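**Q** Attaching a single structure in structure tokens format; questions to follow.
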Amino acid sequence: MTLTLSIVCLLLTSVLTLVWFVSRTMAAERMDVPENQLSNELSGLSRSKRLMRMAVFGGSIIFIVLSSTVLYKKLGYQEDVSFVSALRSGLVDSNLSTEYLVYRSKRYDHYSDWYYLAEHYLANGQYRLANSAYKNALERMPNDSAMNDKTRILNGNAEALFMLSNNKVTPDLVSLVEQILVLDPENSSALGFAGVIAYNKGKFNRAFLNWGNAFRFSPSAQERWTLLQTMRRAQTMIETDPISVAQFQSNKSAGATLATISNVIYLTLAIPDDANIASGAEFLVYAKVDSVPYPISVQKVALPDALGTILLTNMDFMIEGKTLADFSKVDILVRMSTQGGQELANGRIVGELLGVPTNAQKIFEVNVVL
């Protein structure tokens with residue numbers, strides 16, 4: 001900071017010197033008499049003094065150019081401009097991204113820059129560096145920061161810790177998960193970790209309840225798929241291991257049962273390639289039967305997830321009552337809305353598939369007509 005202020009002061013001094021010299025020269029040129037008759041001061045100038053003034057003029061220009069360059073680099077504009085230029089040219093690789101994110105984090109020391117650096121490290125499998133960057137982000141977060149920002153950083157830190165410990169539960173991971181669930185009890189990522197923590201303690205019923213809730217609340221098709229596979233593997237391990245079965249029976253509370261996913265419908269939406277869909281569009285995919293007045297399995301799907309495999313299960317209910325497990329076949333309807341929120345339930349129907357089995361091990365395609 002001190003160096004920057006010094007450069008600015010010297011730069012201003014040079015500019016003022018240059019302005020003074022130019023103004024004196026222009027004043028002399030406007031006169032009808034030679035410059036050496038303007039005043040006693042000018043008339044007494046010797047050749048050496050004139051050369052000195054020219055040297056000051058040239059030196060000022062050189063100093064202005066050099067100090068402007070140094071100040072430009074000191075303020076960081078060169079790095080920003082260079083990175084944006086490389087990004088536009090498609091020349092950004094992982095190393096350049098790392099250098100730029102490290103530079104921004106150290107320069108601005110803002111929690112958002114540390115978060116982006118942590119996400120970059122996490123994506124590249126550098127879990128120790130990611131963990132450190134997430135901690136820096138958390139330390140720099142203002143107390144009045146948005147809840148979503150804090151839970152996003154805590155979730156990332158939990159994932160980095162879990163990967164760093166080779167998928168083992170640590171006290172730090174437990175602490176992070178507890179913090180997230182206090183802020184957001186329906187956070188699917190934290191509930192997934194809570195299921196892992198409970199499972200490692202032999203609390204199988206609690207593990208499945210957490211995983212089931214994570215599955216219900218998750219907005220990500222990929223996360224739901226991962227949770228489904230996790231629950232099925234865990235259930236198989238419990239059922240084939242006498243010790244695990246005994247543990248489950250001993251800690252099962254009265255009336256509690258495993259939150260198992262017994263019925264799954266796999267769907268894809270056949271969206272026309274030339275469809276002009278707004279980026280904020282959402283789809284409501286649900287199963288219904290004529291005998292029940294409400295949808296029995298519902299998923300709200302954002303446009304990116306609509307291009308992948310959509311899962312409807314017996315866990316995806318809106319109202320306690322009938323689920324997919326109570327029917328052998330259902331009708332699938334797809335609504336679309338560009339407004340989101342409450343408007344989605346009233347969006348126009350863009351797809352329909354009748355008589356779909358509720359537990360077939362195949363993917364059904366729903367044609368979307370826009």
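**Q** Pick out the one residue from E159, E99 that is open to solvent by 70 Å² or more (accessible area, probe 1.4 Å), charged (D, E, K, R) and touching a Ser or Thr at 6+ places or on another chain (Cβ under 8 Å).
**A** On the way: E99 fails: touching a Ser or Thr at 6+ places or on another chain (Cβ under 8 Å).
Only one candidate passes the filter, namely E159.
**Q** Kindly indicate whether K300 is open to solvent by 40 Å² or more (accessible area, probe 1.4 Å), outside any loop (DSSP other than H, G, I, E, B) and among the basic types (K, R).
**A** Details: open to solvent by 40 Å² or more (accessible area, probe 1.4 Å): yes; outside any loop (DSSP other than H, G, I, E, B): yes; among the basic types (K, R): yes.
When the stated conditions are applied, K300 passes them.
**Q** From the residues in region 82-93 that are assigned to a helix (DSSP H, G or I) and open to solvent by less than 50 Å² (accessible area, probe 1.4 Å), which one is modelled with the highest pLDDT? First the steps, then the outcome.
**A** Residues of region 82-93 that are assigned to a helix (DSSP H, G or I), as a first pass: 82-88.
From the residues that got through so far, the ones that are open to solvent by less than 50 Å² (accessible area, probe 1.4 Å) too are 83, 86.
Working: F83: 43, A86: 46.
Across region 82-93, the extreme among qualifying residues is A86.
**Q** Of the numbered conditions (1) modelled with pLDDT of 90 or more; (2) open to solvent by 10 Å² or more (accessible area, probe 1.4 Å), S145 fails exactly one; give the number of that condition.
**A** Failing condition for S145: (1).
**Q** I'd like to know if region 279-290 contains one or more residues that are part of a loop (DSSP other than H, G, I, E, B), open to solvent by 20 Å² or more (accessible area, probe 1.4 Å) and modelled with pLDDT of 90 or more. Even if it seems obvious, please write down each step before you answer.
**A** So in region 279-290, the residues part of a loop (DSSP other than H, G, I, E, B) come out as 279-281, 289-290.
Among the residues that remain, those that are also open to solvent by 20 Å² or more (accessible area, probe 1.4 Å) are: 279-280, 290.
Narrowing further to those that are modelled with pLDDT of 90 or more: 290.
The answer is yes; a qualifying residue exists.
Per-residue answers, yes or no, for (1) modelled with pLDDT of 90 or more; (2) touching a strand residue (DSSP E or B) at 6+ places or on another chain (Cβ under 7 Å):
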{"position": "S297", "(1), (2)": "yes, yes"}
{"position": "A306", "(1), (2)": "no, yes"}
{"position": "D316", "(1), (2)": "no, yes"}
{"position": "I319", "(1), (2)": "no, no"}
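**Q** Listed residues A198, A207; which is within 27 Å of Q235 (Cα to Cα), of a type in the set (A, V, I, L, M), surrounded by 21 or more Cβ atoms within 10 Å (Cβ to Cβ) and touching a helix residue (DSSP H, G or I) at 6+ places or on another chain (Cβ under 9 Å)?
**A** Details: A198 fails: surrounded by 21 or more Cβ atoms within 10 Å (Cβ to Cβ).
It is A207.
**Q** For region 169-187, which residues satisfy the criterion of being open to solvent by 10 Å² or more (accessible area, probe 1.4 Å), touching a residue at least 12 places away in the same chain (Cβ under 8 Å) and among the β-branched types (V, I, T)?
**A** Kept after step one, since they are open to solvent by 10 Å² or more (accessible area, probe 1.4 Å), are these residues of region 169-187: 169-172, 174-176, 178-179, 181-187.
Subset that is touching a residue at least 12 places away in the same chain (Cβ under 8 Å): 169, 174, 176, 179, 181, 183-184, 186-187.
Once the filter is applied, which keeps residues that are open to solvent by 10 Å² or more (accessible area, probe 1.4 Å), touching a residue at least 12 places away in the same chain (Cβ under 8 Å) and among the β-branched types (V, I, T), region 169-187 yields V169, V174.
**Q** Here is a further query. Please find, among A190, A221, the residue that is open to solvent by less than 10 Å² (accessible area, probe 1.4 Å) and either without any contact (Cβ under 8 Å) to a residue 12 or more places away in the chain or not polar (S, T, N, Q) (or both). Give the derivation first.
**A** Values: A221 fails: open to solvent by less than 10 Å² (accessible area, probe 1.4 Å).
Within the list A190, A221, the selection yields A190.
**Q** Shifting gears a bit: If a residue has to be under 18 Å from L173 (Cβ atoms) and not hydrophobic (A, V, I, L, M, F, W, C) to count, how many in region 93-118 make the cut?
**A** Residues of region 93-118 under 18 Å from L173 (Cβ atoms): 118.
Those still in the list that are not hydrophobic (A, V, I, L, M, F, W, C) too: none.
So the count comes out to 0.
**Q** Here are some residues: L176, L209. Which one is at pLDDT 90 or above, assigned to a helix (DSSP H, G or I) and either among the hydrophobic types (A, V, I, L, M, F, W, C) or more than 23 Å from the chain's Cα centre (by Cα) (or both)?
**A** Working: L209 fails: at pLDDT 90 or above.
Only one candidate qualifies: L176.
The values are calculated or read from the model by the stated rules, or taken from the named source; none is laboratory data. It should be emphasised that the depicted structure is a prediction, and the values quoted were computed from it without experimental measurement. Reconstructed Cβ throughout: ideal geometry from the backbone, glycine too, with neighbour counts over all protein chains shown. Quick note on the areas: whole protein, heavy atoms, side chains included, nothing else; ligands and nucleic acids left out. Shrake-Rupley method; radii C 1.70, N 1.55, O 1.52, S 1.80 Å.
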